[in-house]
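Following: one structure in structure tokens, then a few remarks.
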Amino acid sequence: MKRIVILISGRGSNMQAIVRACAAERWSAQVVAVVSNRADAAGLAFAQRQGIATAVVDHRAYASREDFDAALASAIEGYAPDAVALAGFMRILTDGFVARFAGRLVNVHPSLLPAFTGLHTHRRAIEAGCKLAGATVHFVTPALDHGPIIAQAVVPVLPGDTPEALSARVLEREHVMYPRALSWLVHDQLRLDGGVVTHTQGEPQLFL
Ligand code: GAR
């Protein structure tokens, strides 16, 4: 049984989608802990109701990013994870942290990477006149919002879209894509070759 740790900073709707898919699809894996940098992250209550261990490592209690990441890493290591999933975790991680979890650390980002790294992705996509938007699940590497792409979900940008409307349309697809992508990782169905990720059985990595 593989062990998954999920990191959140807020609502945790992707975390919930992963927990539900893991149980409903009977993965050979379980979500063993949900860790947040914020004690008031709404998603923690859901995890607790599911009987999943939770932990808070408050970034404000640490003098430097390195100190915070060291504390976060040891909290995560305590759960001996095979996979660590960032799900709306809104802290930039140090190179040391990323190296420690290399190959088992994945993230969902609300844009079609490599476009729109960073924040306010939906507003920026609308302002750029994009006709397509979406989200990306990728392996985490030291460069922010870069790293080999495991899956992408695409949605239209509609005339008159607000960032909120576009965000809701993208989030719905994240909830389908992220559990699938994580399930591939924990079931050893991903191959990484020269920075390109393929699914070993040829499952479509594009979610339309
Ligand atoms: C999601 O849309 C996710 O893609 C985004 O935050 C939201 C979290 O929602 N992540 C980032 O912006 C990471 N840079 P959730 O807490 O309901 O899963």
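The values are calculated or read from the model by the stated rules, or taken from the named source; none is laboratory data. Here the structure is a predicted model, which is why all the values come from computation and not from measurement. Glycine gets a Cβ as well: all are built from the backbone with ideal geometry, and neighbour counts include every protein chain shown. Calculation scope for accessible area: heavy atoms of the full protein, side chains included, ligands and nucleic acids excluded. Shrake-Rupley method; radii C 1.70, N 1.55, O 1.52, S 1.80 Å.
Can you list residue pairs whose Cβ atoms sit under 8 Å apart, with the first residue in region 3-24 being surrounded by 24 or more Cβ atoms within 10 Å (Cβ to Cβ) and the second being of a type in the set (Asp, Glu)? Count only pairs 6 or more apart in sequence or on different chains.
ILE4/ASP82; ASN14/GLU174
Does region 149-164 hold any residues that are within 22 Å of the chain's Cα centre (by Cα) and open to solvent by 40 Å² or more (accessible area, probe 1.4 Å), and which are they?
Within region 149-164, ILE149, GLN152, PRO156, PRO163, GLU164 qualify.
Filter region 23-44 for residues that are more than 13 Å from ILE76 (Cβ to Cβ) and away from the ligand (no atom under 15 Å from the Cβ) and give the result.
Result: ALA23, ALA24, GLU25, ARG26, TRP27, SER28, ALA29, GLN30, ALA39.
Go through PHE139, PHE116 for me and flag whichever is aromatic (Phe, Trp, Tyr) and out of contact with any helix residue (DSSP H, G or I) (no Cβ under 6 Å at 6 or more places or on another chain).
PHE139
Hey, which of the helices (runs of 4 or more DSSP H) in region 25-126, taking only ones fully inside, have at least 1 residues that are under 30 Å from VAL196 (Cβ atoms)?
The helices (runs of 4 or more DSSP H) meeting that bar are 65-77, 95-100.
Can you pull out every residue in region 127-145 that is assigned to a loop (DSSP other than H, G, I, E, B), within 11 Å of the ligand (Cβ to nearest atom) and either over 14 Å from PHE97 (Cβ atoms) or of a type in the set (S, T, N, Q) (or both)?
ASP145
Which members of region 174-198 meet the condition of being open to solvent by 60 Å² or more (accessible area, probe 1.4 Å) and among the charged types (D, E, K, R)?
Hits for region 174-198 are ARG180, ASP188, ARG191, ASP193.
Return the total of residues in region 1-14 being within 9 Å of the ligand (Cβ to nearest atom) and either assigned to a loop (DSSP other than H, G, I, E, B) or farther than 14 Å from MET177 by Cβ (or both).
Looking only at that region, the number is 5.
Determine the pairs where a residue that is without any contact (Cβ under 8 Å) to a residue 40 or more places away in the chain and within 13 Å of the ligand (Cβ to nearest atom), located within region 93-118, has a partner that is open to solvent by 40 Å² or more (accessible area, probe 1.4 Å) and in a loop (DSSP other than H, G, I, E, B) with Cβ atoms under 8 Å apart, the partner being 6 or more residues away or on another chain.
Filtered contacts from region 93-118: HIS109/THR117; SER111/THR117; LEU113/HIS146; THR117/LEU144; THR117/HIS146; GLY118/LEU144.
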